[in-house]
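Input: a single structure, listed below in C-alpha cells.
The values are calculated or read from the model by the stated rules, or taken from the named source; none is laboratory data. Because the structure is predicted, anything quoted here is derived from the model rather than measured. Because the Cβ atoms are built from the backbone with ideal geometry, glycine has one as well, and the counts that use them run over all protein chains shown. We work out accessible area using only protein heavy atoms, side chains counted, and drop any ligands, DNA or RNA first. Shrake-Rupley method; radii C 1.70, N 1.55, O 1.52, S 1.80 Å.
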Amino acid sequence: MTAPSTPQSPLIHLVDDDAAVRDSLALLIGTIGLRVQTWEAPQRFLAEFDRAAVGAIVLDVRMPGIGGLAVLDRLIAEGVDQPVVMLTGHGTVEMCRRAFKAGAAEFLEKPVDDEQLLEALQNAVRQHVRSRERSQADQAARRRYAQLSEREREVLGLIVAGLTNKEIARALALSPRTVETHRANVFAKLGCESLAQLIRGYAALAEEQEGAP
Amino acid sequence: MALVHQSQRFELQGGRNAEAPGGWHFRFRKPLASASQPFEVDAERRVGWGELPWGRMLAWSAGMAVLLAGARLLRRQRTERRRAEELLRLGQVARLNTLGELAAGMAHELNQPLTAVLASTQAARRLLDEEPPETGAARDAMAQAALQARRAADVLGRLRGTLERPDAARREPVDLRQAARRALHLLEPEGERRHTAMRLEAPEQPVRALADPVALEQIVHNLLMNALQALEDVPPPRREVLLRVRAQDGQALLSVSDTGPGIPAELRSRVFQPFFSTRSGGLGLGLSLSETLAAGMGGALTEGDAPGQGACFVLSLPLA
C-alpha cells in the first residue's frame, strides 16, 4: 500500500442505490487507503460532491430516477475532471460503447473482482493526480509568462524559434547588448536556468501567444 | 340493307326488321364515294330479346359465381390458418417475453447481493492480510457477506414462488388425434416449403387425454418445428416426420419422430435444459418450455427411440 503523494489521500465518490453494495464496495476500496464518500441518490451527489478534491467517481449504471449514463453525461458537460468508473450488472456492448464515448475511464461488470476494481481506481486516481499537476504547472507557467514585457515576449518567441542573440538583434533592430539584457530578464522572470528548460516549459505557450493579439 | 339515291330506295336484302318490336336497333349509313353511282348504303338491323344466347350466358354466369365463391372460401381458409398460427406464435412469444423479463429482473436482483458478497469477502481477506490483521473489520465484512448471501437466496425463493403453477385448473379432456391433426394442418405450408412429408398414425377411436388445449398445441407445435428443422441437412426425398398417437399403459401418448441426424448421445442429457440448442441461432427454450408445460399438466416429455436414427420425443399425458 503506497502512501499517496498529495497531502490528503484521494477521495473516491461511490454512487449506488443499493446500501449493501455501497457499504461493501466502500469497505473494499478503503482497504487500499483511499477515502470513500458514498452517495445513495445521484441527484444529491451531483449537487453536493467536492469537485476540487483529487480522486475518482464510481457510478452504477442502473439507478432509479437518473441513470448512471445520464449522470456521466452531466459530469462531462459540467467539465468535471475526475475520471469516472462505470459499474453495471448487465453490460451490453452498446452500453459499454456509449459509456466510453461519453467519456468514462473504465467500464466494469458487477459483481466486480477486487483486483479489477482497485486497479481501475488506482489508475484513475493516478491519471487525475497527473492531470491536476499538469494543469497546475500550466497555470504557474502562465502566471510567470504574464509578467514578461511586450519586448521580452518577442525575444522569447525568437529564442524558442531557434535564433541566436545576433539574429534576434537584427530581427528586432536592437543592439546585441540590449537583447542580452532582455534574454537575462526572460530567464529570470520565468525561473529558468537553461535554454533546454526554457524551451521545454514555454515553447508551446510562446507559440500559442504568438497567434493571439 | 338498301341503296338510297335522292330519296329513292332500292332494297337489296330484306330482314327481320319489322317483326321484332323490342330489343336493340342498329343502323349504319354511308355514302358510296363514287361519281358514277352516288348511292348511300343504309344497313339496318333490329335484335330482339329472344335472339340473345340465354343458355350460354346463364352457364357462364353460374360458372363465374362458383369460381368466385371457391376463391373466397380458399382465401378465408388461408387467413384462418394464418390467424391460428399467429395466435399460437403470440402465445409462445408472450411466454418467452415473460421468461426474458424474468431473467433480466432476476439477473439484476441477484447481481446486487452477489456484488456485495464478493466485495465483502475480498475486503475481509485484505483486512486479514494486513499487519497486524484487522480482525474486527474483517468479521463485520464476513457478517455482511453472509447477510447478502441470504438475500440472494431469498430472491431465488421468491422467484420459485412466482414460477410455480397454481394448479391444473385449465385441464379438460382433449382428443390427441384432433390436436395432432390440427397441428399438422397448421404446419402444412411449412412442411411443403421444406419438402418434408408429415404423416399421422392414429387409432380409429379417440385418445382422450387430460390437458390444457393451448399448452398441448404449443408442445406439439414445438416438437413438429424441431423435427422440421432437424431435417434441413437431409436430402428432400428422405425428409419424413411421423406423428403417432396412441393409448398405452393408462397414458395417452403422442410421439414425434424424424428421419434427421438424431441427437448425439453425449448431448441427450442436456436437450431439456433452458438455453441449450443444437441449432446455431436457436434460442434453446422450445424443449425446456414444452417440458415445463407437460409437467404442469401432470404429464411428461421424454426422449423416445426413433424408428431410424433420427430424434423422437414422446409426450405422455394422463388419460381422461
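What to note about this one:
- Candidates B:204, B:266, B:192: the one that is without any contact (Cβ under 8 Å) to a residue 40 or more places away in the chain and not in a helix (DSSP H, G or I) is B:204.
- Qualifying residue in the stretch A:3-12 (condition: under 28 Å from residue B:110 (Cα atoms), open to solvent by less than 40 Å² (accessible area, probe 1.4 Å) and modelled with pLDDT of 95 or more): yes
- Any chance residue A:84 is out of contact with any Phe, Trp or Tyr (no Cβ under 8 Å at 6 or more places or on another chain), open to solvent by less than 10 Å² (accessible area, probe 1.4 Å), more than 14 Å from every other protein chain (Cβ to nearest Cβ) and touching a residue at least 12 places away in the same chain (Cβ under 8 Å): yes
- Considered as a group, the residues in the stretch B:123-150 that are more than 7 Å from chain A (Cβ to nearest Cβ) and within 55 Å of the chain's Cα centre (by Cα) include one that is most open to solvent (accessible area, probe 1.4 Å), and that residue is B:150.
- For the residues B:56, B:72, B:46, the requirement of being over 28 Å from the mean Cα position of the chain (by Cα), farther than 30 Å from residue B:9 by Cα and not hydroxyl-bearing (Ser, Thr, Tyr) singles out B:56.
- Residues (open to solvent by 100 Å² or more (accessible area, probe 1.4 Å), more than 20 Å from the chain's Cα centre (by Cα) and either of a type outside the set (Asp, Glu) or over 21 Å from residue A:198 (Cβ atoms) (or both)) located in the stretch A:116-170: A:144, A:147, A:166, A:170
- Conditions (1) of a type in the set (D, E, K, R); (2) open to solvent by 20 Å² or more (accessible area, probe 1.4 Å); (3) in contact (Cβ under 8 Å) with a residue 24 or more places away in the chain; number of the one not met by residue B:258: (2)
For every residue, the table says whether it meets (1) under 25 Å from residue B:317 (Cβ atoms); (2) in contact with a helix residue (DSSP H, G or I) (Cβ under 6 Å, 6 or more places away or on another chain); (3) at pLDDT 90 or above; (4) of a type in the set (A, V, I, L, M).
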position	(1), (2), (3), (4)
B:145	no, yes, yes, yes
B:151	no, yes, no, no
B:155	no, yes, no, yes
B:168	yes, no, no, yes
B:172	yes, no, no, no
B:180	yes, no, yes, yes
B:188	yes, no, no, no
B:193	no, no, no, no
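- Residue pairs whose Cβ atoms lie under 6 Å apart, sitting 6 or more positions apart in sequence or on different chains, and linking a residue in the stretch B:132-144 that is without any contact (Cβ under 8 Å) to a residue 24 or more places away in the chain and under 15 Å from residue A:30 (Cα atoms) to a partner that is of a type in the set (A, V, I, L, M, F, W, C) and crowded, with 17+ Cβ neighbours inside 10 Å, are B:134/B:127; B:137/B:127; B:138/B:124; B:138/B:127; B:141/A:27; B:141/B:123; B:141/B:124.
- Inter-residue pairs, beta-carbon under 8 Å, first of a type in the set (Phe, Trp, Tyr) and in the stretch B:305-320, second assigned to a strand (DSSP E or B), 6+ apart: B:313/B:255; B:313/B:256; B:313/B:257; B:313/B:301; B:313/B:302; B:313/B:303
- For the stretch B:111-122, the condition holds for no residue, the condition being that it is facing another protein chain (nearest Cβ under 9 Å) and over 15 Å from residue A:25 (Cβ atoms).
- Residue A:114 meets each of the listed conditions (1) among the acidic types (Asp, Glu); (2) farther than 30 Å from residue A:82 by Cβ; (3) touching a residue at least 24 places away in the same chain (Cβ under 8 Å) apart from (2).
- Test: residue in the stretch A:66-80 that is within 22 Å of residue B:114 (Cα to Cα) and more than 14 Å from every other protein chain (Cβ to nearest Cβ): no
- Tallying residues that are under 12 Å from residue B:180 (Cα atoms) and buried (at least 20 other Cβ atoms within 10 Å of the Cβ) within the stretch B:245-255 yields 4.
- Taking the stretch B:268-290 as the range and being open to solvent by less than 70 Å² (accessible area, probe 1.4 Å) and either at pLDDT below 80 or under 21 Å from the mean Cα position of the chain (by Cα) (or both) as the test, the residues that pass are B:276, B:277, B:282, B:284, B:285, B:286, B:287, B:288, B:289, B:290.
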